[in-house]
Amino acid sequence: MLLLAVPGLLIILAFQYYPLWGNIISFQDYQPYLGVGKSLWSGFQNFSVIFSGDPEFLNAVKNTLILTLIQSVIVFPAPIVVALVLHSLLSNKLRQFVQTIIYLPHFMSWVIVVAIFQQVLGGTGMINNWLRSHGYSPMHIIGNVEAFRALLTSQVLWKDTGWATILFLAVLSQIDRSLYEASAVDGAGRWRQTWHVTLPGLKPIIILLLILKLGDSLTVGFEQIILQQQAVGVDASDVLDTYVYNNGILGGNWGVAAAVGLVKSAVALALVLSANKIAHRLGEEGVYRG
Amino acid sequence: MKTTSQRQSRTMVGGMPMPGVTERAVKAVFLTIICAIVVLPFVGVISTSLAPAEEVTKAGGFVMFPTRGIDFTAYRSILSGGTVTQALLVSGFVTVVGTTIAVALTCTLGWALSRRGTVGNRALLLLVLISLLFNPGLIPSYLVVQQFGLLNSLWAVIVPVSVSAFNVIVVRSFFVGLPNEIIDAARIDGASEWKLFRYIGLPLSKAVIAVIGLFYGVGYWNSFFNAMLYLNDSAKWPLQLVLRTYVVNGVELGGQDLGLSGEAAPPQTSIQMAILMISVVPILCVYPFIQRHFAKGVLTGAVKG
């Protein structure tokens, strides 16, 4: 029966584990025509870009961290709020209806989302057309360096807020009804119930998702940014992933790009492991035990 | 005079007091706005793709509610055998072939990992689980695809993502939950492991297989970054890359790219919106089917994984 496992395992080994070997080009002066076998070793030279504070690299780090921060503060709580509102609805039908609509954008590709945003907010888009025809001056949003972070954030909100409510709603539906009854007998109104029953019920899943988010904090909006980078330039938009793509695949600095990618993966892994530890200290389940 | 508990029993629902009028109004407005923000852009895109040329030109490029009838010229011109038609065929191929392969590999691996008591089973499960924790990295992944000779081949878009460890775990936990009695009975009757999988495992798991199939399908239909990374030849471009070039970057599609000969091309906006619609429609078609099952599928993975 293990024969059945072979094809699937081969794919995982070939495309998840085997690439780990490719990271050795971080320590090489990699030349594509020589290949990994024959390229010369260069020690830690590729890493010097990182540790000597190359301005382009620092810019990418800065943008990455700022975007992660914005997303943790704005994008993360949004689905919790929506889930709380949906949970408090009395009609199951209405809740189902709203859920059906707000899950939809999750299934659109980033290309579609970016295209739709251009059509709505662009110079000749829906909103500016309306503004012009009603005598207001149009807004310059697409391609505007200053509005870029807000644009990215609203795209993420539009695409995935609805979808992210799924988990919260599932957890909310597990909360014991008798807790609400007991608190009502004690005189709790709707707000107090939300504060003392509903939110504590959500606490474990919120902590779990925050930990996972921390592990991803060096990964923000790759496809989304690649699609829109031309319009706003590298200064405003470069993040670590686009830095690796632009320098490695497009720029041919394979070794440097691989080194940045390697450090990024290592830091991300360390962040997940330590966040998990912290969660245990706080007496929470965390992602896994061990 | 009524006692407190009597008053409560009349105004309580599921342990919570009835919401007041203000609360209900605020929620109604909130939810209406959210739904409108999701739905209205789609309405605008559909309208513009269907509005007659002169109305689009007059409106300055974007029509919210077409008033002068419906016109399919934009769709006819992109489907008459040019760049977009070609890309549509490529996307169809990648989606159908990719999903078939992915479902087959995921189910067989999931089944093998769900059988207890086999040598090495725990170790293999761990191998799959650990792969969820790290990302192999962009450059090394590219080198591997290059080394396998897959550059500029549609297989580079299909094969590397054909086994998602997460989906394997979802399917596996479903197989683990199947009643052991049936499987044991079939085994006593002499069914081979393949027959158990084929005649018991698969038929009992249609729902979960449909869900992961639709997830893979949507993923392949939407695949953009790998296609951009690995396909140099624009004749092999899937729809997402055509969408990027001609809609997001605004490169104009000439009469030749459209496959038109001699006729006047419809306004660019109409063409762009029609391309956008063509890439959205398949998802809208399968959406109701996923929607019914996905919450369950996602939760199985999240809770038991």
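The values are calculated or read from the model by the stated rules, or taken from the named source; none is laboratory data. This structure is a prediction, so every number in the text was calculated from the model and none was measured. Neighbour counts are summed over all protein chains in view; Cβ atoms, including those assigned to glycine, are modelled from backbone coordinates with ideal geometry. All accessible areas refer to the heavy atoms of the entire protein, side chains included, with ligands and DNA or RNA removed. Shrake-Rupley method; radii C 1.70, N 1.55, O 1.52, S 1.80 Å.
Observations
- Count - residues of region A:124-140 that are open to solvent by less than 50 Å² (accessible area, probe 1.4 Å) and within 29 Å of the chain's Cα centre (by Cα): 2
- Residues being at the interface with chain A (Cβ under 8 Å from one of its Cβ atoms), among the hydrophobic types (A, V, I, L, M, F, W, C) and either more than 26 Å from B:VAL96 (Cα to Cα) or open to solvent by 10 Å² or more (accessible area, probe 1.4 Å) (or both) - total across region B:130-160: 7
- Breaking point among (1) assigned to a helix (DSSP H, G or I); (2) open to solvent by 40 Å² or more (accessible area, probe 1.4 Å); (3) not small (Gly, Ala, Ser), for A:VAL145: (1)
- Subset tally (residues that are crowded, with 23+ Cβ neighbours inside 10 Å and within 7 Å of another protein chain (Cβ to nearest Cβ)) for region A:242-261: 7
- Inside region B:204-233, residues that are polar (S, T, N, Q) and under 18 Å from B:ILE278 (Cβ atoms) make up a count of 2.
- Among the residues of region B:161-188, none is identified as basic (Lys, Arg) and open to solvent by less than 20 Å² (accessible area, probe 1.4 Å).
- B:GLY250 meets the conditions (1) assigned to a helix (DSSP H, G or I); (2) more than 14 Å from B:LEU88 (Cα to Cα); (3) within 10 Å of chain A (Cβ to nearest Cβ) in every case but one. The failed one is (1).
- Qualifying residue in region B:208-220 (condition: out of contact with any Cys (no Cβ under 7 Å at 6 or more places or on another chain) and part of a loop (DSSP other than H, G, I, E, B)): no
- Only residues that are outside any loop (DSSP other than H, G, I, E, B) and either crowded, with 18+ Cβ neighbours inside 10 Å or in contact with a Gly (Cβ under 9 Å, 6 or more places away or on another chain) (or both) were counted across region A:16-35, and they come to 10.
- Condition check for B:VAL218: away from chain A (no Cβ under 14 Å), of a type outside the set (Ser, Thr, Tyr), in contact (Cβ under 8 Å) with a residue 40 or more places away in the chain and open to solvent by less than 50 Å² (accessible area, probe 1.4 Å): no
- Subset of region B:265-294 that is farther than 30 Å from A:LYS93 by Cβ and facing another protein chain (nearest Cβ under 10 Å) - its residue that is surrounded by the fewest Cβ atoms within 10 Å (Cβ to Cβ): B:THR269
- Residue match in region B:28-50 (condition: open to solvent by less than 50 Å² (accessible area, probe 1.4 Å), part of a loop (DSSP other than H, G, I, E, B) and at pLDDT below 95): no
- Count of region A:153-202 residues, restricted to those that are modelled with pLDDT under 90 and among the aromatic types (Phe, Trp, Tyr), is 3.
- Candidates in region A:97-108 are the residues that are of a type outside the set (A, V, I, L, M, F, W, C) and more than 8 Å from chain B (Cβ to nearest Cβ); of these, the one that is most open to solvent (accessible area, probe 1.4 Å) is A:HIS106.
- Selection from region B:104-129 of residues that are within 25 Å of the chain's Cα centre (by Cα), more than 8 Å from chain A (Cβ to nearest Cβ) and under 28 Å from A:THR219 (Cα atoms): B:LEU129
- Index of the failed condition, A:ILE112 passing every other in (1) touching a Ser or Thr at 6+ places or on another chain (Cβ under 8 Å); (2) open to solvent by 30 Å² or more (accessible area, probe 1.4 Å): (2)
- Which numbered condition B:VAL13 fails, given (1) more than 10 Å from chain A (Cβ to nearest Cβ); (2) modelled with pLDDT under 90: (1)
- Region B:191-213 residues that are at the interface with chain A (Cβ under 10 Å from one of its Cβ atoms) and of a type in the set (D, E, K, R), paired with ones that are open to solvent by 10 Å² or more (accessible area, probe 1.4 Å) and not in a helix (DSSP H, G or I) (beta carbon under 9 Å, 6 or more apart): B:GLU193/A:MET1; B:GLU193/B:ARG115
- Residues being facing another protein chain (nearest Cβ under 7 Å) and of a type in the set (A, V, I, L, M) - total across region A:109-149: 7
- Positions within region A:69-94 being open to solvent by less than 30 Å² (accessible area, probe 1.4 Å) and over 24 Å from the mean Cα position of the chain (by Cα), in sequence order: A:HIS87, A:SER88, A:LEU89
- A single member of A:LEU214, A:LEU210, A:LEU271, A:LEU199 is open to solvent by 40 Å² or more (accessible area, probe 1.4 Å) and farther than 18 Å from A:LEU67 by Cα, and it is A:LEU199.
- Unmet requirement for A:LEU212, which otherwise passes all of (1) at pLDDT 85 or above; (2) closer than 30 Å to A:PHE117 by Cα: (1)
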